[in-house]
């Protein structure tokens, strides 16, 4: 019989880490077998003897032996005892080593793994873009709505929901989008997803084949480019100017493109608005080419100089536009709810595909959001936040002019939760970003949003999540990282 002294951890270590004691006994014996310190055929003491020697209860020893037997490490024979099973592939294994041989990802896997620029901010650092003012969210009201829904739970509410999404939420969204965004749809055309990124991924999977050409805004949103590239598309960067995406240039570059991604109401990251002329031209081209328009309307609720503009989808008479919206900015990011508005003939394939990805988001949370909208809280919240963000935008621009006015220009800050500053004298913006990071500031370089050579350099800066005091203080600090305009040798 093999002496098992040393197999167990000392008693203090065992009892202080929160795991059941039998798990420690099981793991130490298992590890000894795997490492070859106990060999096939070795006899273990009885559970009574083991318990006495190891100063544990016999029940603990029995539970550990039972798990080892269930997993095939031990054989227990009536009247003969317990023996180490023959597990040669484990018993002969040496110390852990680095994997050998070819272990490559697929081409799609490598593309997805390389797209590291889509990660969202998880902490509020000045001037992380895209974060809303979560401290201003009506948490107590939300808690009451959640509690009320929890009290209403019954057995039918606990099974799987509709993969298209909770119907009352889709109905509430159809009404809201028609009134506020000029979107023409009914509830049957809406599919609830967990994020706008998932919406982009779903659309790319279903509408793009390998080597299909896809127009993307230049500069433009990383997430859209990542989703389309992962689907195998050939990305065609189309310049953005003061009127939005240059449709004529896109036609010259790739007249037969399969899809186009646009942020027409508030272009990301430059902030411009696509003109009506360009919108009409885009729709006409999509109809001729049989192309799809992905319209990402990520923060349209927050427009400060005029009423929110209508969506391109509302102008579409040929079913070429797929409209994407999200609750991430208007409510709070961890809610993880967004939606697609689809042409009727795309609904069924999208819903079937939706079931293959993750089924559907939490029906419970969808029901709470539906209540939040239908009871009028959503509209009231949007109005409050629009006022708050406008005030913070004004503080941001005032502080930027005071501390960075000779270096950065902020030409289009009419909407949204962030602003993009353009260097008045071309600079290596990534170097400014690195210097700012040393001051705990998050200011991504504008040049990173280009596929080709950046014709502008600058900084993308969020202000919505920061108090006026934090904005002024961080802007003063950022000035330390931005070189003087007289340093002209950086471009």
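Is there any pair linking a residue in segment 412-426 that is touching a residue at least 60 places away in the same chain (Cβ under 8 Å) to one that is surrounded by fewer than 17 Cβ atoms within 10 Å (Cβ to Cβ) and in a loop (DSSP other than H, G, I, E, B), with Cβ under 7 Å and at least six apart or on different chains, and which?
Note: pairs meeting the criteria are 414/304; 414/305; 415/304; 424/485; 425/485; 425/488; 426/491.
Just to be sure I understand, how many residues within segment 399-446 are surrounded by 20 or more Cβ atoms within 10 Å (Cβ to Cβ) and part of a helix (DSSP H, G or I)? Don't jump to the end; show me each part of the working.
Start the filter on segment 399-446 by keeping residues that are surrounded by 20 or more Cβ atoms within 10 Å (Cβ to Cβ), which leaves 399-400, 404, 407-408, 410, 413, 415-421, 423, 427, 429, 432-433, 436, 441-446.
Remaining after also requiring part of a helix (DSSP H, G or I): 399-400, 404, 429, 432-433, 436, 446.
Residues meeting the conditions: 8.
Please find, among 357, 324, the residue that is surrounded by 14 or more Cβ atoms within 10 Å (Cβ to Cβ) and farther than 18 Å from residue 266 by Cβ.
Criteria check complete, one pass: 357.
Among the residues of segment 229-243, are any closer than 21 Å to residue 369 by Cα, under 20 Å from the mean Cα position of the chain (by Cα) and either in a helix (DSSP H, G or I) or in the same structural domain as residue 360 (by TED's automatic domain parsing) (or both)?
Checked segment 229-243: no residue is closer than 21 Å to residue 369 by Cα, under 20 Å from the mean Cα position of the chain (by Cα) and either in a helix (DSSP H, G or I) or in the same structural domain as residue 360 (by TED's automatic domain parsing) (or both).
Select, from 352, 389, the only residue that is assigned by TED's automatic domain parsing to the domain that holds residue 463 and more than 28 Å from residue 150 (Cβ to Cβ).
On the way: 352 fails: assigned by TED's automatic domain parsing to the domain that holds residue 463.
Of 352, 389, the one residue that is assigned by TED's automatic domain parsing to the domain that holds residue 463 and more than 28 Å from residue 150 (Cβ to Cβ) is 389.
Taking residue 177 as the residue in question, decide whether it is buried (at least 17 other Cβ atoms within 10 Å of the Cβ), closer than 30 Å to residue 445 by Cβ and either touching a strand residue (DSSP E or B) at 6+ places or on another chain (Cβ under 9 Å) or in contact (Cβ under 8 Å) with a residue 40 or more places away in the chain (or both).
Values: buried (at least 17 other Cβ atoms within 10 Å of the Cβ): yes; closer than 30 Å to residue 445 by Cβ: no; either touching a strand residue (DSSP E or B) at 6+ places or on another chain (Cβ under 9 Å) or in contact (Cβ under 8 Å) with a residue 40 or more places away in the chain (or both): yes.
So residue 177 does not fit the description; no.
Looking at segment 301-317, which of the residues that are under 22 Å from residue 228 (Cβ atoms) and assigned to a loop (DSSP other than H, G, I, E, B) is farthest from the chain's Cα centre (by Cα)?
316
Residue 187 - would you say it is in contact with a strand residue (DSSP E or B) (Cβ under 8 Å, 6 or more places away or on another chain), surrounded by fewer than 21 Cβ atoms within 10 Å (Cβ to Cβ), within 19 Å of residue 373 (Cβ to Cβ) and assigned by TED's automatic domain parsing to the domain that holds residue 311?
Working: in contact with a strand residue (DSSP E or B) (Cβ under 8 Å, 6 or more places away or on another chain): no; surrounded by fewer than 21 Cβ atoms within 10 Å (Cβ to Cβ): yes; within 19 Å of residue 373 (Cβ to Cβ): yes; assigned by TED's automatic domain parsing to the domain that holds residue 311: yes.
The answer is no for residue 187.
Would you confirm whether any residue within segment 274-287 is touching a residue at least 12 places away in the same chain (Cβ under 8 Å) and in a loop (DSSP other than H, G, I, E, B)?
Step one: list which residues in segment 274-287 are touching a residue at least 12 places away in the same chain (Cβ under 8 Å), which gives 274-275, 277-283, 285-287.
Retained after the next criterion (residues that are in a loop (DSSP other than H, G, I, E, B)): 274-275.
The answer is yes; a qualifying residue exists.
Could you tell me whether segment 476-484 includes any residue that is free of Cβ contacts under 8 Å to residues at least 24 places away in the same chain and loosely packed, with under 14 Cβ neighbours inside 10 Å?
no
Please tell me if residue 380 is outside the structural domain of residue 167 (by TED's automatic domain parsing), farther than 30 Å from residue 481 by Cβ, at pLDDT 95 or above and more than 22 Å from the chain's Cα centre (by Cα). Explain how you work it out, then say what you get.
Working: outside the structural domain of residue 167 (by TED's automatic domain parsing): yes; farther than 30 Å from residue 481 by Cβ: yes; at pLDDT 95 or above: yes; more than 22 Å from the chain's Cα centre (by Cα): yes.
Yes; evaluated as a whole, the condition is true for this residue.
Out of (1) in contact (Cβ under 8 Å) with a residue 24 or more places away in the chain; (2) surrounded by fewer than 21 Cβ atoms within 10 Å (Cβ to Cβ); (3) in contact with a strand residue (DSSP E or B) (Cβ under 9 Å, 6 or more places away or on another chain), what's the single condition that is false for residue 231?
(2)
Is it true that residue 199 is outside any loop (DSSP other than H, G, I, E, B), assigned by TED's automatic domain parsing to the domain that holds residue 303 and modelled with pLDDT of 95 or more?
Values: outside any loop (DSSP other than H, G, I, E, B): yes; assigned by TED's automatic domain parsing to the domain that holds residue 303: yes; modelled with pLDDT of 95 or more: yes.
Spelling it out, residue 199 is indeed outside any loop (DSSP other than H, G, I, E, B), assigned by TED's automatic domain parsing to the domain that holds residue 303 and modelled with pLDDT of 95 or more.
Of 418, 453, 488, 426, which residue is at pLDDT below 95 and either closer than 14 Å to residue 269 by Cα or assigned by TED's automatic domain parsing to the domain that holds residue 272 (or both)?
On the way: 453 fails: either closer than 14 Å to residue 269 by Cα or assigned by TED's automatic domain parsing to the domain that holds residue 272 (or both); 488 fails: either closer than 14 Å to residue 269 by Cα or assigned by TED's automatic domain parsing to the domain that holds residue 272 (or both); 426 fails: either closer than 14 Å to residue 269 by Cα or assigned by TED's automatic domain parsing to the domain that holds residue 272 (or both).
Within the list 418, 453, 488, 426, the selection yields 418.
Tell me, yes or no, whether segment 339-346 has at least one residue that is in contact with a strand residue (DSSP E or B) (Cβ under 9 Å, 6 or more places away or on another chain) and at pLDDT below 95. So that I can check it myself, show each step before the final result.
Quick first cut of segment 339-346, residues in contact with a strand residue (DSSP E or B) (Cβ under 9 Å, 6 or more places away or on another chain) only: 339-343, 346.
Those left that are additionally at pLDDT below 95: none.
Checked against the condition, which is being in contact with a strand residue (DSSP E or B) (Cβ under 9 Å, 6 or more places away or on another chain) and at pLDDT below 95, segment 339-346 yields no hits at all.
I'd like the full set of residues that are surrounded by fewer than 20 Cβ atoms within 10 Å (Cβ to Cβ) and either at pLDDT below 95 or under 19 Å from the mean Cα position of the chain (by Cα) (or both), limited to segment 364-377.
The one that is surrounded by fewer than 20 Cβ atoms within 10 Å (Cβ to Cβ) and either at pLDDT below 95 or under 19 Å from the mean Cα position of the chain (by Cα) (or both): 365.
I'm told residue 265 meets every condition in (1) crowded, with 19+ Cβ neighbours inside 10 Å; (2) closer than 26 Å to residue 317 by Cβ; (3) in contact with a helix residue (DSSP H, G or I) (Cβ under 7 Å, 6 or more places away or on another chain) except one. Can you identify the failing condition by its number?
Single failed check for residue 265: (3).
Kindly check whether there is at least one residue in segment 372-395 that is without any contact (Cβ under 8 Å) to a residue 12 or more places away in the chain, under 15 Å from residue 461 (Cβ atoms) and not in a helix (DSSP H, G or I).
no
For segment 70-83, which positions are in contact with a helix residue (DSSP H, G or I) (Cβ under 7 Å, 6 or more places away or on another chain), closer than 19 Å to residue 48 by Cβ and either in contact (Cβ under 8 Å) with a residue 24 or more places away in the chain or loosely packed, with under 12 Cβ neighbours inside 10 Å (or both)?
74, 82
Going through segment 139-161 one residue at a time, which ones are part of a loop (DSSP other than H, G, I, E, B) and surrounded by 15 or more Cβ atoms within 10 Å (Cβ to Cβ)? First the steps, then the outcome.
We begin by selecting, within segment 139-161, every residue part of a loop (DSSP other than H, G, I, E, B); these are 152-154, 159-161.
The one that is part of a loop (DSSP other than H, G, I, E, B) and surrounded by 15 or more Cβ atoms within 10 Å (Cβ to Cβ): 161.
The values are calculated or read from the model by the stated rules, or taken from the named source; none is laboratory data. Small disclaimer: the values here were computed from a predicted structure and weren't measured. Using ideal geometry, Cβ is built from the backbone for each residue, glycine included, and neighbour counts are taken over all protein chains shown.
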